[in-house]
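These notes concern the structure reproduced below.
No lab work stands behind these numbers, since they all come straight from the coordinates. Model, not experiment: these values are computed from the prediction. Cβ sites come from the backbone with ideal geometry, for glycine too, and all protein chains shown count toward neighbours.
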Amino acid sequence: MDREAFQERFGLIGDSAALKQVIDKVIQVADTDITILLQGESGVGKDVTAKAIHNVSHRKHNELVIVNCGAIPEGIIESELFGHEKGSFTGAHETREGYFEKANGGTIFLDEIGDMPANVQVKLLRVLETGEYFRVGSSKVRTTDVRVIAATNKDLWELVQEDSFREDLYYRLDTVKVKLPPLRERPDDIIPIFRKFVTEFSAEYDSVFKGFSDDAKELLQSYRWPGNVRELRNVAEQLVVLEKSQFVDTEKLKKYLKGRQHTGEADNLPVLAEQKSSSNGAFGDDDQQLIYRALVGLRNDIGDLKEMLANFLYSTISQKNIKALPQNIQDEVNETEMSSMDIDVGDADENIGVQSYTEADISKETEENEFSSFFNSGDIPSIEKTEQFLIEQALNKYEGNRRKASEALGISERTLYRKLDQYGLQ
Ligand SMILES: Nc1ncnc2c1ncn2[C@@H]1O[C@H](COP(=O)(O)OP(=O)(O)OP(=O)(O)O)[C@@H](O)[C@H]1O
Ligand SMILES: [Mg+2]
């Protein structure tokens, strides 16, 4: 298959040398069984590329199983990947096949591979090298014939240096590395990709997009796109819906570009003009922006908190104790369970949610007691108190390791630092 046909078939737009190089490499290795590591920032196209590779390979008539390693709680990832035997742990009511079994003859896409817990990394290395694995609770060696595509937005080598990723697994995965360049390194692709999205959204919303001024076009190309193609897609959708039949100039465009425009971290907030207040007491644009910022901040805090609570309860306390929680919190936890299953799981065991493993039993019990006494006192703890409690629990559990604690809480490390500062915690 040549490059143009490949791009056409999978909707991969772009004519830049950087993208062409990537596609040529992908085409070269797609129809082999070689392990591929896709590396690139969020939103650069790792998912589309993995699916394209499977669909041009000789395995295309068998399953492509997509596993988001970062979304599955650490305690159950081994049984998700390799399956388990009935009765192998609390809640294992049925024998269940794992993703490696399900993908037999096909492809497994291990997304966010950098989040794989250390004990599972060893097992992954074995299945990659020999095709052999064990179901949890079984001593029978099983084999599978699976092509592995892994993806990460982290620097895996850095994780090796920090001892959180095995060096041998790194070398095994790194056989063919495909680096997907961020959008800012291929500015020539921005307008063509944007055009494709605008055409699609205009048809979907039955809307007309008038076009850009020259400097707005330049801004589109010089903006750093921290969310890459996904962000470009969102901006295109918003412009089609909210600015329909309007000519878009720089001022209008800026409202939709949320990250900062130069180097530095994206803060996901609109760029603020000078914060002057309207002098006549009327409600001005600046006031509106300030209120909007405050609301976004508030919404983020509430979102963080909901996620933290649900993630934590889901991965640490037993089903019995979850049932003792107020209904709205139970719903939130169940939603977390659903989202961690939001991969192709087939007939997932409905009770797989919470399990206790022998190695972690003792510390889990202590955690459960602390959780029970915190939540079952009869009073509803305040949001702030709950948040502080969860942060402390996470830091205790991971012995002060903030990266691991923030991962367990389902928030970014940056948010964790902000909260520690806010509550004066060490
Ligand atoms: N070259 C491209 N042309 C057109 N659309 C693209 C291109 N690359 C990516 N996309 C689109 O951008 C969006 C994000 O891509 P994708 O989900 O594959 O990114 P990702 O790297 O997997 O992101 P994440 O790290 O957040 O999982 C998708 O809608 C995808 O179809
Ligand atoms: Mg992805």
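Summary of values
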| read-out | value |
| --- | --- |
| Amide H partners (placed H, <5 Å) of Leu64, local residues excluded | Thr107 |
| Reach of Lys196 by Cα under 16 Å, taken over lysines that are not fewer than 8 positions away in the same chain | Lys210, Lys217 |
| Region 185-254: Cα Rg divided by the 2.2 N^0.38 Å rule of thumb | 1.01 |
| Calculated FRET efficiency for the pair Asp15/Asn376, C-beta based, R₀ 60 Å, to 0.05 | 0.45 |
| DSSP bridge pairs, region 3-181: antiparallel proportion in percent, nearest 5 | 15 percent |
| Karplus (6.51, -1.76, 1.60) ³J(HN,Hα), θ = phi - 60°, over region 37-50, in Hz, Gly and Pro reported as x | 10, 9, 10, x, 4, 4, x, 7, x, 5, 4, 4, 5, 4 |
| Highest to lowest packing among 184-191, 378-385, 389-396, scored as the average C-beta count within 10 Å | 389-396, 184-191, 378-385 |
| Average Cα contact separation per residue, region 31-142, under 8 Å, 6 or more apart, as relative contact order % | 28 percent |
| Segment Thr415-Thr130, length gained on full extension (0.36 nm per residue, minus Cα span) | 98.5 nm |
| Where labels lie 7 Å past Cα in the beta-carbon direction, separation of Asp206 and Asn396 in nm | 5.9 nm |
| Estimated inter-spin distance, Phe247 and Lys25, nm [label 7 Å along Cα→Cβ] | 4.3 nm |
| Whole-Hz ³J(HN,Hα) from phi, Karplus 6.51 cos²θ - 1.76 cosθ + 1.60, for region 148-162, glycine and proline x | 9, 10, 10, 9, 8, 9, 9, 8, 4, 5, 4, 5, 5, 4, 7 |
| Set of lysines with alpha-carbon distance to Lys385 below 20 Å, sequence-local pairs under 8 removed | Lys306, Lys397, Lys419 |
| Förster radius 35 Å - calculated FRET efficiency between Gln161 and Asp215, Cβ distance, rounded to 0.05 | 0.20 |
| Per-peptide average of other Cβ atoms within 10 Å, ordering 69-82, 6-19, 206-219 highest first | 69-82, 6-19, 206-219 |
| Length-normalised contact order of region 182-266 in % [C-alpha pairs under 8 Å, at least 6 apart] | 38 percent |
| FRET efficiency, 1/(1 + (r/R0)^6) with R0 56 Å, evaluated for His93 and Thr32 via beta carbons | 0.90 |
